[in-house]
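The values are calculated or read from the model by the stated rules, or taken from the named source; none is laboratory data. Only a predicted model underlies this, so the values are computations on that prediction, with no experimental measurement involved. With ideal geometry, Cβ positions are generated from the backbone for all residues, glycine too; neighbour counts draw on all protein chains shown.
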Amino acid sequence: MVLKLYGMREATCTQRVLATLAELGVTDFELIKINLYEQEQKQPSYLALQPWGKLPLLDDDGYLVYESRAICKYLALKFHEKNKTLMPSLDDLKAYGQFEQACSIELSYFEVPAFGLWFEQFIKPMRGFGATDEAIVNQHLTSLDTNLAVYEKILSKQKYLAGDEFTLADLYHLPHGVKAAPLKLQAVIDKYPHVADWFQRIQERDSWKQSVV
(Lines give C-alpha, C1' and ligand atoms only; values in the text may rest on other atoms or scores of the structure.)
Protein backbone atom coordinates (compact mmCIF):
# COMPACT_ATOMS: atom_id res chain seq x y z
CA MET A 1 0.00 0.00 0.00
CA VAL A 2 1.24 3.51 -0.84
CA LEU A 3 2.55 5.55 2.08
CA LYS A 4 0.48 8.60 2.91
CA LEU A 5 2.20 11.70 4.26
CA TYR A 6 -0.10 14.35 5.67
CA GLY A 7 1.68 17.67 5.57
CA MET A 8 2.42 20.82 3.64
CA ARG A 9 5.43 21.15 1.36
CA GLU A 10 6.09 24.68 2.62
CA ALA A 11 6.14 23.51 6.25
CA THR A 12 9.61 22.94 7.68
CA CYS A 13 8.89 19.68 9.50
CA THR A 14 7.23 18.23 6.41
CA GLN A 15 10.36 19.19 4.45
CA ARG A 16 12.44 17.17 6.92
CA VAL A 17 10.44 14.04 6.05
CA LEU A 18 10.38 14.77 2.31
CA ALA A 19 14.17 15.08 2.32
CA THR A 20 14.43 11.74 4.12
CA LEU A 21 12.19 10.07 1.53
CA ALA A 22 14.38 11.55 -1.20
CA GLU A 23 17.57 10.29 0.47
CA LEU A 24 16.02 6.83 0.60
CA GLY A 25 14.91 7.00 -3.02
CA VAL A 26 11.28 6.42 -2.02
CA THR A 27 8.93 7.96 -4.56
CA ASP A 28 5.87 5.77 -4.06
CA PHE A 29 4.03 7.92 -1.54
CA GLU A 30 1.11 10.33 -1.51
CA LEU A 31 1.47 13.81 -0.03
CA ILE A 32 -1.91 14.81 1.38
CA LYS A 33 -1.91 18.57 1.86
CA ILE A 34 -3.01 19.90 5.23
CA ASN A 35 -3.19 23.68 4.95
CA LEU A 36 -1.72 25.28 8.07
CA TYR A 37 -2.86 28.74 7.02
CA GLU A 38 -6.47 27.57 7.03
CA GLN A 39 -6.02 25.66 10.31
CA GLU A 40 -6.89 22.34 8.69
CA GLN A 41 -4.62 20.60 11.20
CA LYS A 42 -7.10 21.57 13.93
CA GLN A 43 -10.11 20.01 12.24
CA PRO A 44 -11.71 17.04 14.08
CA SER A 45 -11.01 14.65 11.20
CA TYR A 46 -7.27 15.37 11.40
CA LEU A 47 -7.17 15.49 15.20
CA ALA A 48 -8.60 11.97 15.18
CA LEU A 49 -5.34 10.92 13.49
CA GLN A 50 -2.89 13.32 15.15
CA PRO A 51 -4.15 14.43 18.58
CA TRP A 52 -1.69 17.33 18.88
CA GLY A 53 -2.88 18.89 15.63
CA LYS A 54 0.62 19.18 14.19
CA LEU A 55 2.33 18.34 10.90
CA PRO A 56 3.47 15.98 9.52
CA LEU A 57 1.79 12.60 9.97
CA LEU A 58 2.73 9.34 8.26
CA ASP A 59 0.17 6.63 7.51
CA ASP A 60 1.80 3.31 6.61
CA ASP A 61 -1.14 1.05 5.78
CA GLY A 62 -3.04 2.20 8.85
CA TYR A 63 -0.02 2.47 11.15
CA LEU A 64 0.29 6.12 12.16
CA VAL A 65 3.53 7.88 13.11
CA TYR A 66 3.86 11.54 14.00
CA GLU A 67 6.71 13.88 15.01
CA SER A 68 9.01 14.51 12.06
CA ARG A 69 12.19 13.05 13.55
CA ALA A 70 10.35 9.88 14.59
CA ILE A 71 8.91 9.57 11.08
CA CYS A 72 12.37 9.97 9.56
CA LYS A 73 13.82 7.22 11.75
CA TYR A 74 10.88 4.95 11.02
CA LEU A 75 11.39 5.42 7.28
CA ALA A 76 15.16 4.92 7.55
CA LEU A 77 14.55 1.59 9.29
CA LYS A 78 11.75 0.52 6.96
CA PHE A 79 13.85 1.22 3.86
CA HIS A 80 17.25 0.46 5.37
CA GLU A 81 18.31 -1.62 2.37
CA LYS A 82 17.95 1.46 0.16
CA ASN A 83 20.37 3.56 2.24
CA LYS A 84 22.31 1.84 5.00
CA THR A 85 24.22 4.93 6.16
CA LEU A 86 21.36 7.37 6.74
CA MET A 87 20.76 5.65 10.08
CA PRO A 88 23.32 3.09 11.32
CA SER A 89 22.16 -0.41 12.15
CA LEU A 90 21.88 -1.54 15.75
CA ASP A 91 24.31 -4.29 14.73
CA ASP A 92 27.03 -1.62 14.89
CA LEU A 93 26.45 -0.38 18.41
CA LYS A 94 29.24 2.21 18.41
CA ALA A 95 28.12 3.76 15.12
CA TYR A 96 24.53 3.76 16.35
CA GLY A 97 25.61 5.40 19.61
CA GLN A 98 27.44 8.15 17.70
CA PHE A 99 24.35 8.65 15.55
CA GLU A 100 21.98 9.01 18.52
CA GLN A 101 24.46 11.35 20.18
CA ALA A 102 24.51 13.53 17.06
CA CYS A 103 20.70 13.53 16.93
CA SER A 104 20.61 14.69 20.54
CA ILE A 105 23.14 17.44 19.79
CA GLU A 106 20.92 18.80 17.01
CA LEU A 107 17.82 18.83 19.20
CA SER A 108 19.55 20.18 22.31
CA TYR A 109 21.95 22.75 20.89
CA PHE A 110 20.72 23.82 17.45
CA GLU A 111 16.98 23.41 16.94
CA VAL A 112 15.73 25.74 19.67
CA PRO A 113 17.90 28.81 18.91
CA ALA A 114 17.72 28.32 15.12
CA PHE A 115 13.94 28.04 15.18
CA GLY A 116 13.85 30.93 17.65
CA LEU A 117 15.71 33.21 15.25
CA TRP A 118 13.30 32.40 12.44
CA PHE A 119 10.24 32.74 14.65
CA GLU A 120 11.28 36.00 16.30
CA GLN A 121 12.37 37.77 13.12
CA PHE A 122 9.97 36.34 10.55
CA ILE A 123 7.01 34.33 11.86
CA LYS A 124 6.18 36.61 14.78
CA PRO A 125 5.82 39.87 12.80
CA MET A 126 4.32 38.11 9.77
CA ARG A 127 1.58 36.47 11.84
CA GLY A 128 0.88 39.62 13.84
CA PHE A 129 2.19 38.21 17.11
CA GLY A 130 4.10 41.42 17.86
CA ALA A 131 7.34 43.15 17.00
CA THR A 132 10.69 41.37 16.95
CA ASP A 133 12.35 41.40 20.36
CA GLU A 134 16.03 42.07 19.69
CA ALA A 135 16.99 40.90 23.18
CA ILE A 136 15.57 37.45 22.40
CA VAL A 137 17.31 37.46 19.01
CA ASN A 138 20.62 38.21 20.71
CA GLN A 139 20.05 35.41 23.23
CA HIS A 140 19.57 32.94 20.39
CA LEU A 141 22.64 34.25 18.56
CA THR A 142 24.74 33.93 21.71
CA SER A 143 23.55 30.35 22.21
CA LEU A 144 24.31 29.46 18.61
CA ASP A 145 27.75 31.05 18.77
CA THR A 146 28.60 29.07 21.90
CA ASN A 147 27.21 25.82 20.51
CA LEU A 148 28.65 26.10 17.02
CA ALA A 149 32.09 26.57 18.54
CA VAL A 150 31.71 23.00 19.81
CA TYR A 151 30.38 21.88 16.42
CA GLU A 152 33.59 23.30 14.95
CA LYS A 153 35.70 21.03 17.16
CA ILE A 154 33.66 17.99 16.16
CA LEU A 155 33.61 18.81 12.45
CA SER A 156 37.34 19.52 12.37
CA LYS A 157 37.83 15.77 12.95
CA GLN A 158 35.09 14.29 10.77
CA LYS A 159 32.96 15.18 7.74
CA TYR A 160 29.57 14.96 9.43
CA LEU A 161 28.11 15.21 12.89
CA ALA A 162 28.00 11.45 13.53
CA GLY A 163 31.16 10.53 11.64
CA ASP A 164 32.23 10.49 8.01
CA GLU A 165 28.83 9.55 6.58
CA PHE A 166 25.82 11.81 6.09
CA THR A 167 23.03 10.75 8.44
CA LEU A 168 19.63 11.91 9.60
CA ALA A 169 21.42 13.87 12.33
CA ASP A 170 22.81 16.21 9.66
CA LEU A 171 19.57 16.32 7.68
CA TYR A 172 17.60 17.35 10.77
CA HIS A 173 19.44 20.70 10.81
CA LEU A 174 18.26 21.78 7.38
CA PRO A 175 14.67 23.04 7.69
CA HIS A 176 15.18 25.61 10.42
CA GLY A 177 18.86 26.15 9.70
CA VAL A 178 18.08 27.23 6.15
CA LYS A 179 15.22 29.45 7.32
CA ALA A 180 17.41 31.12 9.96
CA ALA A 181 20.54 31.45 7.81
CA PRO A 182 19.60 34.82 6.23
CA LEU A 183 18.33 36.02 9.62
CA LYS A 184 21.81 36.43 11.16
CA LEU A 185 22.56 32.71 11.58
CA GLN A 186 24.83 32.56 8.51
CA ALA A 187 27.08 35.24 10.00
CA VAL A 188 27.61 33.04 13.05
CA ILE A 189 28.17 29.93 10.93
CA ASP A 190 30.77 31.75 8.84
CA LYS A 191 32.91 32.30 11.95
CA TYR A 192 33.61 28.57 11.98
CA PRO A 193 35.14 27.25 8.73
CA HIS A 194 34.41 23.56 9.29
CA VAL A 195 30.82 24.34 10.27
CA ALA A 196 30.41 26.60 7.23
CA ASP A 197 31.75 23.90 4.90
CA TRP A 198 29.49 21.24 6.45
CA PHE A 199 26.39 23.42 6.33
CA GLN A 200 27.02 24.27 2.68
CA ARG A 201 27.53 20.62 1.76
CA ILE A 202 24.35 19.38 3.39
CA GLN A 203 22.31 22.14 1.72
CA GLU A 204 23.65 21.10 -1.68
CA ARG A 205 22.34 17.55 -1.47
CA ASP A 206 19.78 16.68 -4.14
CA SER A 207 17.42 15.34 -1.48
CA TRP A 208 17.12 18.77 0.12
CA LYS A 209 16.71 20.56 -3.19
CA GLN A 210 13.89 18.18 -4.10
CA SER A 211 12.11 18.67 -0.78
CA VAL A 212 11.79 22.44 -1.10
CA VAL A 213 10.73 22.64 -4.75
(message) Take residues that are within 24 Å of Gly177 (Cβ to Cβ) and hydrophobic (A, V, I, L, M, F, W, C) and tell me which of the helices (runs of 4 or more DSSP H) falling wholly in segment 1-92 contain 3 or more.
(response) 12-24, 68-78
(message) Which condition from (1) touching a helix residue (DSSP H, G or I) at 6+ places or on another chain (Cβ under 6 Å); (2) closer than 14 Å to Ala180 by Cβ is the one that Phe119 breaks?
(response) (1)
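Output yes when any residue across segment 126-138 is buried (at least 21 other Cβ atoms within 10 Å of the Cβ), at pLDDT 95 or above and of a type outside the set (D, E, K, R), and no when none is.
No, segment 126-138 contains no residue that is buried (at least 21 other Cβ atoms within 10 Å of the Cβ), at pLDDT 95 or above and of a type outside the set (D, E, K, R).
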(message) Under 8 Å between Cβ atoms, which residue pairs at least 6 apart in sequence (or on different chains) link something in segment 153-166 that is more than 13 Å from Phe199 (Cα to Cα) with a partner that is among the basic types (Lys, Arg)?
(response) Glu165/Lys159
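Report yes if Phe129 is among the aromatic types (Phe, Trp, Tyr) and either outside any helix (DSSP H, G or I) or under 16 Å from Leu86 (Cβ atoms) (or both), otherwise no.
yes
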(request) With the checklist (1) more than 19 Å from Ser211 (Cα to Cα); (2) touching a helix residue (DSSP H, G or I) at 6+ places or on another chain (Cβ under 8 Å); (3) in a helix (DSSP H, G or I) in hand, flag the one item Gln186 doesn't pass. (result) (2)
(message) Take the residues in segment 182-211 that are free of Cβ contacts under 8 Å to residues at least 40 places away in the same chain and among the polar types (S, T, N, Q); name whichever of them is nearest to Phe110 (Cα to Cα).
(response) Gln186
(message) So, in segment 102-138, how many residues would count as being touching a residue at least 12 places away in the same chain (Cβ under 8 Å) and under 24 Å from Ile154 (Cβ atoms)?
(response) 15
